């Protein structure tokens with residue numbers, strides 16, 4: 001196991017975890033604030049109220065992705081194989097969610113890249129560490 005590569009990958013996966021926690025906070029906690037719903041391109045409180053149930057649900061998806069990857073990072077110190085498996089699953093799920101967003105919405109491609117780059121880089125480094 002290449003420890004420097006694993007550490008680098010873990011940092012990027014950690015950044016992805018933080019980003020997904022931030023999105024959870026926006027979508028499930030502060031959604032009704034104009035500053036929040038404007039981030040998502042909505043122009044009125046009525047629009048925000050209409051999509052609030054979907055945003056709330058989607059926020060929890062982001063929370064669960066973050067928890068999975070974070071638990072994997074924590075378990076790395078106890079059981080390397082189990083930690084790597086969880087990190088790969090959590091970060092891989094984040095990456096695939098970003099890919100779906102990228103392919104399904106031209107308007108949201110920048111957001112998809114922001115969402116997908118940290119887990120992609122983390123995955124690459126963790127996989128390199130595992131095979132080195």
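The values are calculated or read from the model by the stated rules, or taken from the named source; none is laboratory data. Please read all numbers here as calculations on a predicted model, not as lab measurements. No Cβ is skipped: glycine too gets one built from the backbone with ideal geometry, and neighbour counts run over all protein chains shown.
A few remarks follow.
- Selection of helices (runs of 4 or more DSSP H) fully inside the stretch 1-90 by the criterion of at least 1 residues being at pLDDT 95 or above, in contact with a helix residue (DSSP H, G or I) (Cβ under 6 Å, 6 or more places away or on another chain) and more than 23 Å from residue 114 (Cα to Cα) returns 45-75.
- Yes/no for residue 111 being under 21 Å from residue 29 (Cα atoms), surrounded by fewer than 20 Cβ atoms within 10 Å (Cβ to Cβ) and modelled with pLDDT under 95: yes
Residues checked against (1) surrounded by fewer than 19 Cβ atoms within 10 Å (Cβ to Cβ); (2) within 21 Å of residue 24 (Cβ to Cβ); (3) free of Cβ contacts under 8 Å to residues at least 24 places away in the same chain:
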| residue | (1), (2), (3) |
| --- | --- |
| 63 | yes, yes, no |
| 74 | yes, yes, yes |
| 86 | no, yes, yes |
| 89 | yes, yes, yes |
| 101 | yes, yes, yes |
| 106 | yes, no, yes |
| 117 | yes, yes, yes |
| 125 | no, no, no |
| 132 | yes, no, no |
